[in-house]
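What follows draws every value from the coordinates through simple rules; no lab data is involved. Here the structure is a predicted model, which is why all the values come from computation and not from measurement. Here the Cβ positions follow ideal geometry from the backbone for every residue, glycine too, while neighbour counts run over all protein chains shown.
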Amino acid sequence: MQEIIKSKIVPLPRADIDTDLIIPADFLTTTSKKGLGEHVFARLRIMEANFPFNLEKYHGARILVTKKNFGCGSSREHAAWALRDWGIEIVIAPSFADIFFNNAMKNGILPIVLEEKIVNEIFAAGDCEIEVNVAAQKVILPSGEVANFQIDPYRKECLLKGMDDLDYLVSRMAEIERFDKRHSKNMFFDTTVL
């Protein structure tokens, strides 16, 4: 993920969007992250011709702005896969379901929690661009005002370096080996119980 992302937003002013709406169960037969983006919000896109993900003007946008409790419902990681494959790198909402929040982070999507009042201000600005400085943990709003957000330092490092949990461990291999050398001689294993 880039340190600074400036993008048009995809406005989705709905609360309680569950993972089944994000990616319907019909598309969960794959273990590949590729290609799921074309099915993101499939049911809503069929029912509503003007659904934002159908509109050409939002194609290429990297920031989704939505209402509270985004990603509720099941724990399907495919929801994060589908959003990321469509091109979404940041989701801004007043709140997220915990499992979706963690799945998003692990799949290169930054979920940003902002007050509902601020989210409503973004919607009121209409079609707009916003800038997110991931490193500084700041969102530059359409009005020019700045909103700060929180992010776990470990997750922030992983996002900025494009690493998943395993990549992070591998990047620390020298430290792990040093620790192992220092402490392995002090470990006692009772082999009689084996």
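Listed from fewest to most Cβ neighbours within 10 Å, the set Lys156, Lys34 follows the order Lys34, Lys156.
Working out 0.36 nm times the residue gap between Asp165 and Arg182, then minus their Cα-Cα distance, what length gain in nm do you get to one decimal? Working shown, then result.
Details: separation 17, 0.36 × 17 = 6.12 nm, distance 2.40 nm.
In short, 3.7 nm is gained.
Counting 0.36 nm for each residue step from Asp127 to Thr29 and taking away their Cα separation leaves a gain of 31.8 nm.
The Cα-based radius of gyration and maximum Cα-Cα distance (Dmax) for the chain are 19.8, 70 Å. Here the peptides 35-43, 159-167, 117-125 are ranked by packing, the mean other Cβ count within 10 Å, and the order with the highest first is 35-43, 117-125, 159-167. Taken over region 1-85, the ratio of Cα radius of gyration to 2.2 N^0.38 Å equals 1.07. Counting charges near Glu116 (Lys, Arg +1; Asp, Glu -1) among other residues having Cβ under 11 Å from its Cβ returns a value of +1.
Dipole orientation for the chain: of the candidates Phe53, Val65, Ile88, Ile88 has the Cα lying most toward the positive pole (charges on Cβ; Lys, Arg +1; Asp, Glu -1). Lysine pair count for region 62-172 with Cα-Cα distance under 20 Å and sequence separation of 8 or more or different chains is 9.
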